[in-house]
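**Student:** Next up is a structure, given as structure tokens.
The values are calculated or read from the model by the stated rules, or taken from the named source; none is laboratory data. What you see is a predicted model, and the numbers here were worked out from it, not measured in a lab. In this analysis, Cβ positions are derived from the backbone assuming ideal geometry, glycine residues included, and neighbour counts consider all displayed protein chains. Quick note on the areas: whole protein, heavy atoms, side chains included, nothing else; ligands and nucleic acids left out. Shrake-Rupley method; radii C 1.70, N 1.55, O 1.52, S 1.80 Å.
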Amino acid sequence: MAQMYFYYSAMNAGKSTTLLQSSFNYRERGMTPIIFTAAIDDRFGKGKVSSRIGLQEDAELFNSTDDLYQKLIQLSGAGKIDCVLIDESQFLTKEQVYQLTEVVDKLDIPVLCYGLRTDFLGELFEGSRYLLSWADKLVELKTICHCGRKANMVIRQDAAGNAIAGGNQVEIGGNDRYVSVCRAHYKEALGL
Ligand SMILES: Nc1ncnc2c1ncn2[C@@H]1O[C@H](COP(=O)(O)OP(=O)(O)O)[C@@H](O)[C@H]1O
Ligand SMILES: Cc1cn([C@H]2C[C@H](O)[C@@H](COP(=O)(O)O)O2)c(=O)[nH]c1=O
Ligand SMILES: [Zn+2]
């Protein structure tokens, strides 16, 4: 029986790297994984998943209006799909997480989702909320704060490097905009 996995972390913890390693594992066993990533995250070029250590693969894009269950039925018509890998899964909607549970339960294809747990204000993303609620397996990937503790929060910075305490939940960016830190250093940076 297939299962749904949610690999979650702060930024820069190796989520994309782990996804690309899983894809490679499937391929070297002669199986066919399919990768999806969010259309809005175009940092490394649209339709690509890249890790900061240099690995890269082509990916299907998802928008908030896509029906991922129907899309997977359509794609599996062109050949057997052995695994679905989703990067930036924090950007999935509630409906899309449900559709992915249908891929697992009705099509019997494992779905592995990789994403942030919380935003720069410490609030859950919609996708993460429902993945935490409905996935069969929750796996935390870890990265470290500059102090050596586990970094489970993300600071959004302005151009001068100051922590920002308000704004839209979604703002695409990398090391220039975001820093992963432990909760104590998150509070300190925001003056909490
Ligand atoms: N030039 C580099 N060489 C080796 N490792 C790197 C390099 N740049 C970043 N990394 C490491 O790669 C990891 C980030 O990988 P990535 O998969 O992009 O993370 P995430 O998807 O969680 O943001 C971090 O552990 C980081 O320290
Ligand atoms: C914390 C936070 C992040 N984002 C964006 C920034 C990046 O584009 C992605 C996460 O990328 P990762 O390195 O693959 O983890 O999410 C955002 O929009 N809002 C936030 O609060
Ligand atoms: Zn710290």
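**Student:** Normalised by the residues of region 45-192, what does the relative contact order come to in percent, with Cα pairs under 8 Å and at least six apart?
**Tutor:** Once normalised by length, the contact order is 16 percent.
**Student:** Sticking with this structure for a sec: Give, in nm to one decimal, the length gained when the segment between ASN25 and SER64 is fully stretched (0.36 nm per residue of separation minus the Cα-Cα distance).
**Tutor:** 11.1 nm
**Student:** How about LYS187: which lysines have a C-alpha closer than 21 Å to its C-alpha, ignoring those fewer than 8 places off in the same chain?
**Tutor:** List returned: LYS142, LYS150.
**Student:** Please report the antiparallel percentage of DSSP beta bridges with both residues in the chain, rounded to the nearest 5.
**Tutor:** DSSP beta bridges in the chain are roughly 35 percent antiparallel.
**Student:** Sticking with this structure for a sec: FRET efficiency for LEU75 and ASN175, Cβ-Cβ distance as r, R0 = 35 Å, nearest 0.05?
**Tutor:** Computed FRET efficiency for LEU75 and ASN175 comes out at 0.60.
**Student:** Among residues other than ASN162 whose Cβ falls under 14 Å from its Cβ, what is the net charge (Lys/Arg +1, Asp/Glu -1)?
**Tutor:** So the environment of ASN162 carries a net charge of -1.
**Student:** Additional query: How would you order 84-96, 180-192 from highest to lowest mean count of nearby Cβ atoms within 10 Å?
**Tutor:** Taking the mean over residues of other Cβ atoms within 10 Å, the ranking is 84-96, 180-192.
**Student:** Counting Lys and Arg as +1 and Asp and Glu as -1, what is the net charge of the other residues whose Cβ lies under 11 Å from the Cβ of ARG52?
**Tutor:** Net charge around ARG52: +2.
**Student:** Given the Cα-Cα distance of ASN168 and ARG149 and 0.36 nm per residue of separation, how much length would full extension add, in nm?
**Tutor:** 4.1 nm
**Student:** Right, next: Given R₀ = 30 Å, FRET efficiency for ARG43-GLU140 by Cβ-Cβ distance, to 0.05?
**Tutor:** 0.80
**Student:** Taking Cα centroids, how far is region 146-192 from region 75-98 in Å?
**Tutor:** Result: 29 Å between the Cα centres.
**Student:** Can I ask one more? Let a ≥ b ≥ c be the square roots of the eigenvalues of the Cα gyration tensor of region 4-142; is it rounded (a/c under 1.5), or, if not, prolate (a/b larger than b/c) or oblate?
**Tutor:** Cα axes put region 4-142 in the rounded bin.
**Student:** Can you compute the helix-only [θ] at 222 nm over the chain? Use -39500 (n - 2.57) per DSSP H run of at least 4 residues, normalise by all residues, nearest 500 deg cm²/dmol.
**Tutor:** Here the helix-only value at 222 nm equals -8500 deg cm²/dmol.
**Student:** Counting only protein heavy atoms and using a 1.4 Å probe, what share of the accessible area of the chain belongs to carbon plus sulfur, as a whole percent?
**Tutor:** Result for the chain: 47 percent of the exposed heavy-atom area is carbon or sulfur.
**Student:** Within region 5-40, list the residues whose amide N lies under 15 Å from a label point set 7 Å along Cα→Cβ of ARG183.
**Tutor:** Flagged as within label range: 10.
**Student:** Next question, about the same structure. Please identify which residues in region 83-111 have an amide N closer than 13 Å to a label point set 7 Å out from the Cα of GLN3, following the Cα→Cβ vector.
**Tutor:** Under cut-off, by backbone N: 110-111.
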